[in-house]
1. So, A:Arg27, is that one modelled with pLDDT under 75 and either under 22 Å from A:His117 (Cα atoms) or away from every other protein chain (no Cβ under 12 Å) (or both) or not?
2. Given (1) more than 8 Å from every other protein chain (Cβ to nearest Cβ); (2) out of contact with any Pro (no Cβ under 9 Å at 6 or more places or on another chain); (3) in a loop (DSSP other than H, G, I, E, B), identify the lone condition not met by B:Lys127.
3. Among (1) open to solvent by 40 Å² or more (accessible area, probe 1.4 Å); (2) more than 26 Å from the chain's Cα centre (by Cα); (3) more than 14 Å from chain A (Cβ to nearest Cβ), there is one condition B:Ser58 misses while meeting the rest; what is its number?
4. Considering every residue within segment B:138-147, establish whether at least one is among the charged types (D, E, K, R), part of a loop (DSSP other than H, G, I, E, B) and away from chain A (no Cβ under 14 Å).
5. Six or more apart or on different chains, Cβ atoms under 9 Å: show the pairs whose first residue is in segment B:257-269 and within 20 Å of B:Arg287 (Cβ to Cβ) and whose second is of a type in the set (Gly, Ala, Ser) and loosely packed, with under 15 Cβ neighbours inside 10 Å.
6. Scan segment A:79-88 and give yes if some residue there is farther than 17 Å from A:Thr184 by Cα and either modelled with pLDDT of 65 or more or charged (D, E, K, R) (or both), otherwise no.
7. For segment B:158-169, give me the residue count where each residue is away from chain A (no Cβ under 11 Å) and modelled with pLDDT of 90 or more.
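The values are calculated or read from the model by the stated rules, or taken from the named source; none is laboratory data. Just so we're clear, the structure is a prediction, and the values are computed from it rather than from any experiment. Note that each Cβ is placed from the backbone with ideal geometry, even for glycine, and that neighbours are counted across all protein chains shown. Side chains are part of the model used for accessible areas, which takes the heavy atoms of the whole protein and leaves out ligands, DNA and RNA. Shrake-Rupley method; radii C 1.70, N 1.55, O 1.52, S 1.80 Å.
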Amino acid sequence: MERLRSITWEKLSYGRAIPIVAWNLLRHLVRERRFLLSAVYFVLLPIYLISNSVLTAVQTGSGIALFYAHRNISFYIRTFYLSFFLGQILVVVLSADQLAGEIEQDTYALLRSKPVHDSEIVIGKFLGLVGVVSLLDLPGYLFIYFYSLVRYEAEASAYIGTVDEIIGGFLLLLLLHSIIIAFTLLFSSLFSKNLYSILSSLIFIFILSIVTDLIQGTNTDIVDNYLSIDWLAQAILPSVLYHVDPLESAPNVPLIILGILGAITGFLGLTTLVMRNKEIF
Amino acid sequence: MNSAIQIHNLSKFIKGKAIVTRMSLDIPQGSLFGLLGPNGAGKSTTIKLLTGRLRPSSGSIRINGLDPWKDRVKIFKNMGYLPQNPSLPPDMTVYSFIHYMARLRGMGRKESQLEAREKLALVGLEKFEQSIIGKLSGGEKQRLGFANCLLGDPDVLILDEPTSSLDPEGRVYVMDLIGSLAQNKNQTVVVSSHILPEIQRMTNHIAIMSEGKVLVSGSMRELTAGVFDNVYEIESDRPTDLMQDLMEKGFICKLDQHTVLIDVDKRYNELWALLPQLCVEKGYQLRSFKPLRDPLENVFLKFVSYQNKFDDMGVVGGE
């Protein structure tokens, strides 16, 4: 009975450290200069996009406003967040030192000197980074969407009626960023030097772009971006944002989302395995 | 006495080099245990093995019956660890760091606030709560590291060179603190150091290590029983005259400033009878009479030099 109670308590206490690690990472990373510099890029980008992509509208009202809001958001995500290389470099730079840097500076030993599982540290770091990237993504995302609604004079009901679309699109964006964070953490765990984890993550993004190019095959409409993760967006966005069927060549949406979640889980699982067996000299 | 830590035939090879070799040790519960040895003896590697930072190449370690590599999380529920020159996050404030560590230790928000403040006060850092860690001196960082390992009052404390970067005042403070831990809270404390007087002051059990091996271990009383130094120092008002008289009696002497160094060479009883006699007859004022080295220093030198001779002969496993 005593043993059973102790096992149950063990299970209940697992995960307790995850929000603590995540919150600590979030509140310290947002004060760092690299976050502020990244924020400059993430704020300037939508402004630049708006100034270049304002389409001439002959009609006004909710219909046309929503159309442009959706279209601009889709363009914003696909072309800039997913395809523009600098955005991904910044996500890598923010994430790469979370494990490698801790090992390099020997602060990881402090975390391991507390009753905390390596998986809790890894998941906590991951969630903290997702939080940081959300803070970078959200202002630009909302700005683009609502700018379009305001500019094309949408009716008041359009602001409330499209909340699910805003959330859906944002979650998709986060999901795609989360893949980058997850594999950057994996590389961060493999190396004890920050620089190596950054370089290896960038090389992996390059390899990923080649693989996704191969998967998308002969569809030449979307090959002009450096990183072709955007084919995923093209597959998912129509159903999320437009409530229409995805592209003909695209695989089905739930499968893609499951695939992304599976990939993230796989990367985090591998990271935990590496950290669990890592000797800290 | 129950053992808090049991090490059996432990070896660790790093890049093919033996850092710890077939080490066996029992550390009694509630003891202040010192790992003493010259630099490169394998003390820090042993500490890293004890705290699950490194995986043993062979052999086993049990801390309260658990393996630190496999059961690290369970062990650290009741163990604190202070690494050598602890690396602390430079951008955090002292309070936020210690509070964060207390939260990771499993304490609630309020409990961890109280605990953080209590431990900062214990190490004398209460005035530095809002200071940035990166701006603290080496000694203050060491104290902070010490406060961190005391969080939750664990039963076992592992301290790797705890006084290494402290100023003399800080050293005395930390040594006294360590000394009080075992007395007040029955904690088992393992301290590594290469500074013999510190180990002597802080601990009541020691193991002497050299080249990855434990040469001897036991309580201070066991190790120093029957150990006498041959060289004594005598302080007197007229050291030159006293030296002359002793040399006439066949003792080998040397003058070192105002003290006479004398090699007793098994003639201890003879000297013990002669000295009072000389004081009475010649009117010397004897100020002190003590062995040049203390007993533990003799034990240390005896075993380390023995080990070196053993290795020079090419004998393997001279424990």
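1. Working: modelled with pLDDT under 75: no; either under 22 Å from A:His117 (Cα atoms) or away from every other protein chain (no Cβ under 12 Å) (or both): yes.
No, not satisfied.
2. (3)
3. Status for B:Ser58: all satisfied but (2).
4. No, that holds for no residue.
5. Every condition considered, the pairs that remain are B:Thr259/B:Ser288.
6. No, segment A:79-88 contains no residue that is farther than 17 Å from A:Thr184 by Cα and either modelled with pLDDT of 65 or more or charged (D, E, K, R) (or both).
7. Going residue by residue through segment B:158-169, those that are away from chain A (no Cβ under 11 Å) are B:159, B:161-169.
From the residues that got through so far, the ones that are modelled with pLDDT of 90 or more too are B:159.
Qualifying residue count, segment B:158-169: 1.
Every residue, every condition in (1) modelled with pLDDT under 80; (2) touching a Leu at 6+ places or on another chain (Cβ under 9 Å), yes or no:
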{"residue": "A:Leu172", "(1), (2)": "yes, yes"}
{"residue": "A:Ser188", "(1), (2)": "no, yes"}
{"residue": "A:Tyr196", "(1), (2)": "no, yes"}
{"residue": "A:Leu202", "(1), (2)": "no, no"}
{"residue": "A:Phe206", "(1), (2)": "yes, yes"}
{"residue": "A:Val223", "(1), (2)": "yes, no"}
{"residue": "A:Pro238", "(1), (2)": "yes, yes"}
{"residue": "A:His243", "(1), (2)": "yes, no"}
{"residue": "A:Ser249", "(1), (2)": "yes, no"}
